[in-house]
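Note sheet for the following structure.
The values are calculated or read from the model by the stated rules, or taken from the named source; none is laboratory data. On a predicted model such as this, the values are computed, not experimentally measured, just so you know. Here the Cβ positions follow ideal geometry from the backbone for every residue, glycine too, while neighbour counts run over all protein chains shown. Keep in mind that these areas ignore ligands, DNA and RNA; they rest on the heavy atoms of the full protein, side chains included. Shrake-Rupley method; radii C 1.70, N 1.55, O 1.52, S 1.80 Å.
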Amino acid sequence: MLLLFETPGGFALFKVLDEGKLSKVEDLGKEFSSPDSARKVVKLKAFSKFENTAEALEAATKIIESSTSKGLRKFLRANCDGETLGVADSKLGNAIKDKLKIECVHNNAVMELMRGVRSQLTELISGLATQDLAPMSLGLSHSLSRYKLKFSPDKVDTMIIQAIGLLDDLDKELNTYAMRVREWYGWHFPELAKIIQDNILYAKAVKLMGCRDNAAKLDFSEILPEEVEAELKEAAMISMGSDVSDVDLMNIKELCDQVLSLAEYRAQLYDYLKSRMNTIAPNLTALVGELVGARLIAHGGSLLNLAKQPGSTIQILGAEKALFRALKTKHATPKYGLLYHASLVGQAPPKMKGKISRSLAAKSALAIRYDALGDAQDDSMGLENRLKLEARLRNLEGKELGRFAGSAKGKPKIEAYDKDRKKGAGGLITPAKTYNPSADAVLGQTPDSTARKFEVEPAKEAPASGEEKKEKKKKKRAEEETTVLGDRNGTAEQDGEGEAKKEKKKKKKHQAENDGVQNEAENVEEGGKKKKKRKHSEAEQDEESEMPSKKKEKRKKKKSGD
């Protein structure tokens, strides 16, 4: 029996000397406690050395994938003739058996042999020292890990992170310098700022013109269109700016040179960033563009770190401050971050930007993972997903238009015709109807009779109103009682209802009689009270008349006594 063992330096074939010891798996590990005892169990038969790291990496990857490399097949054909082969992987054993027709074994005894050989590897293989084995293992492990992650040394995203940072800094500096040129030269030619809006064209025109008096003699056709050139020359003739010296113009021109050189370098840097993005992340670039993709990679730290993020994180990447503020104040969280500047989100209407940004983030997460870990270097996946997103955007816009045109199902709403209502508005063509008080009528009275009553009996209003209130209260009580009786007798037959109506009429008559008696009694009481008041007033008048007569008699008596 032979044992196939893989090392960083090559493949080794060991001959098992005593196959009887394989039956005792528990005691097999003790046989490899020392190099001498290990040599009694196995012996090196052949060794196939790797020529370089590439061959070692190819052989290692083939074994990981449970397949045989070309060198391994040659090695086994030369050294395995009619013997069984012990392997560490059952799938690899099946591949060898299918292609080379060699009987393979994989069991617990073989795995214990593998562990023992690994512990005494440097002693069993002559010429393989420990100090040589360690760097070979390290180099092969690094190469193998790169292969597993599909990492390419050309995919260095650090350059993208630095380039996008420098591009943003250049934009800030360029804007600052251009504003300084406009402000400085504006003292001499203030009208030029409104004529030329572009900063680069403004700097070129100032550098070519110098003093505004030279504008009429110069040709600006290479820089400006004909209409703008004519307007510039007319404004230069009637400008209200102050004069400047030659030294000032020289410094302004030097500043214009700085602006133009920065603009040129910025264009070169953008071309470099575009080429690097198409190389490193072509699918992400096809979806969101070079600048947005580069900012996403810079914000994530690297392309591999960004590939570990879910789509929901990529959607709000760049809006962390707004997210935590919304969570703290319990408001709505942001729907997009850096993805807001993507062309697909910009094309969407305001109500659809959230949906499109969510879909774009999901597709971008797939594209980033494909770019970071995939083998292909084309942008087919990104272009395909972009077409799907554009179709989804058109679908959403169509649904929104259908919803505005009619009902939710897209059918127009049918409304009843109204001749007084305007088309498409809530107003009325004819004026609204007003309240007509002359149409009111009072039962049992006419306007003339009521007027006569008010004219003839103005003094009886107060007592009559009090009596009417009492009568109304009594009538209400009687009606409530009748309704209660009616509810109770609602399920009775028609005869019972007729008797109830008769009882109601009797009660009403009885109440009316009682009311009349009470009114008469009240009138009698009021008359008696009036009589008593009259008697009392007459008695008081008599007493008042008697008082002065008595005083006179007393005075007469006093005079007679004196």
- Item | The lone exception for D213 - which of (1) in a helix (DSSP H, G or I); (2) modelled with pLDDT of 90 or more it fails | (2)
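Do we find that L262 is part of a helix (DSSP H, G or I), open to solvent by less than 60 Å² (accessible area, probe 1.4 Å) and in contact with a Leu (Cβ under 8 Å, 6 or more places away or on another chain) in this structure? Even if it seems obvious, please write down each step before you answer.
Values: part of a helix (DSSP H, G or I): yes; open to solvent by less than 60 Å² (accessible area, probe 1.4 Å): yes; in contact with a Leu (Cβ under 8 Å, 6 or more places away or on another chain): yes.
Yes; evaluated as a whole, the condition is true for this residue.
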- Message: Within segment 81-148, considering only helices (runs of 4 or more DSSP H) that don't extend past its boundaries, which have at least 2 residues that are out of contact with any Lys or Arg (no Cβ under 9 Å at 6 or more places or on another chain) and β-branched (V, I, T)?
- Response: 108-119
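Residues checked against (1) out of contact with any Phe, Trp or Tyr (no Cβ under 9 Å at 6 or more places or on another chain); (2) surrounded by 14 or more Cβ atoms within 10 Å (Cβ to Cβ); (3) free of Cβ contacts under 8 Å to residues at least 60 places away in the same chain:
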| site | (1), (2), (3) |
| --- | --- |
| N52 | yes, no, yes |
| A56 | no, yes, no |
| I63 | yes, yes, yes |
| L72 | no, yes, no |
| R77 | yes, no, yes |
| C80 | yes, yes, no |
- Inter-residue pairs, beta-carbon under 6 Å, first under 12 Å from Q377 (Cβ atoms) and in segment 277-293, second part of a helix (DSSP H, G or I) and among the β-branched types (V, I, T), 6+ apart: N278/T285
- Is there any pair linking a residue in segment 389-404 that is open to solvent by 40 Å² or more (accessible area, probe 1.4 Å) to one that is outside any helix (DSSP H, G or I) and modelled with pLDDT of 85 or more, with Cβ under 9 Å and at least six apart or on different chains, and which? E397/A348; E397/P349
- Task: Find all pairs meeting these conditions: Cβ atoms under 6 angstrom apart; at least six residues apart or on different chains; first residue within segment 336-348 and open to solvent by 50 Å² or more (accessible area, probe 1.4 Å); second residue not charged (D, E, K, R).
- Result: Y336/S357; H341/V292
- Query: Can you name the number of the only condition in (1) open to solvent by 60 Å² or more (accessible area, probe 1.4 Å); (2) more than 52 Å from the chain's Cα centre (by Cα) that P225 fails?
  - Reply: (2)
- Message: If I ask for residues that are surrounded by fewer than 18 Cβ atoms within 10 Å (Cβ to Cβ) and in contact (Cβ under 8 Å) with a residue 40 or more places away in the chain, which ones from segment 104-113 would you list?
- Response: V105, N108
- Of the residues that sit in segment 191-212 and are surrounded by 17 or more Cβ atoms within 10 Å (Cβ to Cβ) and touching a Gly at 6+ places or on another chain (Cβ under 9 Å), which one is farthest from L249 (Cα to Cα)? E191
- Note on the structure: Within segment 297-335, the residues that are open to solvent by 30 Å² or more (accessible area, probe 1.4 Å), within 16 Å of the chain's Cα centre (by Cα) and closer than 24 Å to D157 by Cα are P310, S312, T313, I316, G318, E320
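The rows are residues; the columns are (1) within 30 Å of S34 (Cα to Cα); (2) modelled with pLDDT under 80.
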residue: E58; (1), (2): no, no
residue: K62; (1), (2): no, no
residue: S67; (1), (2): no, no
residue: D81; (1), (2): no, yes
residue: D89; (1), (2): yes, no
residue: K99; (1), (2): no, no
residue: N107; (1), (2): yes, no
residue: R118; (1), (2): yes, no
residue: L121; (1), (2): yes, no
